[in-house]
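Just below is one structure, and these are the notes that go with it.
The values are calculated or read from the model by the stated rules, or taken from the named source; none is laboratory data. Just so it is clear, the model here is predicted, and its values are computed rather than measured. Cβ sites come from the backbone with ideal geometry, for glycine too, and all protein chains shown count toward neighbours. The protein model used for the area step is the full one, side chains on, heavy atoms only, and it has no ligands, DNA or RNA in it. Shrake-Rupley method; radii C 1.70, N 1.55, O 1.52, S 1.80 Å.
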Amino acid sequence: MGQKLKKRLQIFFRYKDLMMLLVERDIKLRYRRSVLGWVWSVLNPLLDMLVKVIVFSYFFSRNIPNYPVYLISGQLMYQFMRESSTQALRSIPDNAAMLKKIYVPKYIFTLSKINSAFVNLLYSLVALLLVMLFTHVKFTFWWFMIVIPIAELYVFCVGLGLLLAAGNVFFRDIGNIWGVVTLAWMYLTPIFYDVDILSPRVRLWMPRLNPLYMYIRQIRDFILLGSWERYMLTIRGGYVALLMLGLGLFVFAKTKDKFILYI
Amino acid sequence: MTMENNDIMIRVENASVRFNMASEKIDSLKEYAVKLVRRELMFKEFFALRNIDLTVRRGESWAFVGRNGAGKSTLLKLISRILMPYEGKVTVNGSIAPMIELGAGFDPNLTAEENIFINGCIMGHSKKFMQEHFDEIVEFAQLQDFLKMPIKNYSSGMRARLGFAVATMVKPDILIVDEVLAVGDAAFRKRCSERMKEMLSGGTTLLFVSHSHNDVRTLCKNAVWLDHGRIVQSGLTEDVLPAYEASMQ
């Protein structure tokens, strides 16, 4: 068991440069021939937030202090989940030509897509910071604690991405349905509305069943309230993330040798 | 590991590869459920390789001959770990440079320069290693003037040149070549076969698939004749090739 793990890690380190190059490629190609380049990665979430603030503030913002920060913090976490999972989903069939001709650990492609999305999330954090400065959020050292929920979300998304990537090789329906699932997930998560407008029953179950909420709530608590009162969310969030990672790794490892027959 | 084992580069033991027929490709849940109920899953199985035994020692050169669909490429993919055996065992000692299709990993939207790095890393090299060998690759491919051009604007010959240059930059323990020399102009083909001979004399083990019997004769001492996924005959090229040629008459 220990030997096997050691060998796996060796393989991973052998291919880590490849993964970094693939991430670099994704970012490069995204902004090739654009004048503003990577600035779009900061600008996009800002503009996205601006539109939503204009549209939604009329309905939802009455009870939410600092609605712009509330919105963009939820939005960027959700956006990372959606982008990483949607890209990871297609990572195996998209690289079919290569996988049929040369041996590469297949998860490298899936992981590189998730990491590209993660780089995008880091850019969005700049946008978040700008909005926080603009709206005069009081600085506390709790701000730095947001790395915890972000790390948890990352682990969760790696697991989710691996699971979806493996599933999609055998059942391409997953690729079609996933767009709807993420849309539903957006509405089921208090991203642009306040959790308090939900019925008490839903409000009770939200922090227990919706992983995305666990991470978003933590970020908001850290930056807007400057508190760690809901530390249970951190514990539960970490637990759920590891569970998802385990599931993703397990399914991917069990099925990866059969991918080649279905792509 | 004993001394004797050290000398064996590739050992294929009673290996079989099974495919589902293409018509039976099930990739939607509904189809899967229907087939599951009707018990039609895995009904039309097809063995691309059956009970293959092969031992290749260091420095040997093996050719794989046979008709289209005999399983030559499948066997090469099995050895390069692209495919896993359904039954049996495949053991490989040493590094492999597979050339099943040159430039398989090229991204058409990236420039040649960017592709050289990605392609090298796909073969398991580090970025630093690629930097050190970059000039060498460019020189062999003779594409100095086109480095900043996206690969999609390359001709297939240029692409093959680049692919070959990257794949043979280091001396691998095992070189796998599958019909890749058909592209490229005469001058480049000559340089390719020179480089392959150079590697062979340096101790590299060669696995070679080609329909050109001339190439097979000049490059390979040993040959395997495959038909319908089984080995018909294996041994010295001078014995196997005439037998195969006779069967084609």
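How would you order B:234-243, A:70-79, A:183-192 from highest to lowest mean count of nearby Cβ atoms within 10 Å? Show your work: numbers first, answer last.
Details: B:234-243: 15.2, A:70-79: 23.9, A:183-192: 17.1.
Per-residue Cβ counts within 10 Å, averaged per peptide and sorted highest first, yield A:70-79, A:183-192, B:234-243.
Give the accessible area for residue B:133 in Å² (nearest 10); use a 1.4 Å probe, count only protein heavy atoms, and leave out ligands, DNA and RNA.
40 Å²
Explain nothing, just compute: Karplus ³J(HN,Hα) = 6.51 cos²θ - 1.76 cosθ + 1.60, θ = phi - 60°, for every residue of the stretch A:46-56 in order, whole Hz, x for Gly and Pro.
Ordered by residue, 3J(HN,Hα) equals 5, 5, 4, 5, 4, 4, 5, 4, 5, 6, 8 Hz.
Output the direction-averaged projected area (hull surface divided by four) of the convex hull of the alpha-carbon atoms of the stretch A:47-163, in nm².
8.9 nm²
Would you mind telling me which residue in B:30, B:197, B:72 has the biggest mean-square fluctuation in a Gaussian network model of chain B, where springs connect alpha carbons within a distance under 10 angstrom?
Comparing B:30, B:197, B:72 in the GNM, the peak value goes to B:30.
Mind checking A:95-106 for the average number of partner chain beta-carbons within 10 Å of each residue's beta-carbon?
On the way: counts 1, 0, 4, 9, 3, 7, 14, 18, 11, 7, 1, 0.
Mean shielding count: 6.
Would you kindly derive the ³J(HN,Hα) couplings of the stretch A:256-263 from the backbone phi angles with the Karplus curve 6.51 cos²θ - 1.76 cosθ + 1.60 (θ = phi - 60°), listing them in order in whole Hz, with x for Gly and Pro?
Residue by residue, the stretch A:256-263 yields 4, 6, 8, 3, 4, 7, 10, 10 Hz.
Which residues of the stretch A:156-176 show a drop of at least 20 Å² in accessible area when all protein chains are present, compared with their chain alone (probe radius 1.4 Å, heavy atoms only, ligands and nucleic acids excluded)?
So the qualifying set is A:170, A:171, A:172, A:173.
Give me the accessible area buried between chains A and B, both sides summed, with a 1.4 Å probe, in Å² rounded to the nearest 100.
Using a 1.4 Å probe, the pair buries roughly 2900 Å².
Quick one: ranking B:46, B:208 by accessible area, 1.4 Å probe, largest first, what do you get?
The ranking, largest first, comes out as B:46, B:208.
Past the 31 Å Cα-Cα mark, which pairs from B:77/B:128; A:52/B:148; A:113/B:148; A:254/B:171; A:6/B:197?
Listed pairs above 31 Å: A:52/B:148; A:254/B:171; A:6/B:197.
Applying the Karplus parametrisation 6.51 cos²θ - 1.76 cosθ + 1.60 with θ = phi - 60° to the phi angles of the stretch B:128-138, what ³J(HN,Hα) value in whole Hz is obtained for each residue in order, glycine and proline being reported as x?
Ordered by residue, 3J(HN,Hα) equals 4, 4, 5, 4, 5, 9, 4, 4, 4, 5, 4 Hz.
Quick one: with all protein chains in place, what share of the accessible area of the stretch A:2-261 is carbon or sulfur, to the nearest percent (1.4 Å probe)?
On the way: 9100 of 13130 Å².
Roughly 69 percent, rounded to a whole number.
Any of A:16/A:106; A:16/A:258; A:4/A:101 with alpha carbons more than 19 Å apart? Name them for me.
Over 19 Å apart, Cα to Cα: A:16/A:258; A:4/A:101.
Could you tell me what percent of the accessible area of chain B is made up of carbon and sulfur, with a 1.4 Å probe and every protein chain present?
48 percent
Probe radius 1.4 Å, ligands and nucleic acids left out: which of B:156, A:124 has the largest accessible area, and how do the rest follow?
Greatest to least solvent exposure: B:156, A:124.
Can you tell me the accessible area per residue over chain B, all protein chains present, probe 1.4 angstrom, in square angstrom?
49 Å²
Just from the alpha-carbon atoms, what are the Rg and Dmax of the stretch B:41-127 in angstroms?
For the stretch B:41-127, the Cα-based Rg and Dmax read 16.3, 47 Å.
On average, how much accessible surface per residue is there in the stretch A:142-186, in Å², for a 1.4 Å probe, leaving out ligands, DNA and RNA?
I get 38 Å² per residue for the stretch A:142-186.
With both bridge residues required to lie in the stretch B:126-239, what share of the DSSP beta bridges run antiparallel, to the nearest 5%?
Looking only at bridges with both residues in the stretch B:126-239, the antiparallel portion is about 55 percent.
Going toward the positive end of the dipole of the protein assembly as shown, with +1 on Lys and Arg Cβ and -1 on Asp and Glu Cβ, which of A:34, B:109, B:134 do you reach last?
A:34
Heads up, I need the accessible area for residue A:177: 1.4 angstrom probe, whole protein in place, Å², nearest 10.
Its heavy atoms expose roughly 90 Å² to the probe.
Over the Cα atoms of the protein assembly as shown, what Rg and Dmax result, in angstrom?
Cα radius of gyration and Dmax of the protein assembly as shown are 27.3, 88 Å respectively.
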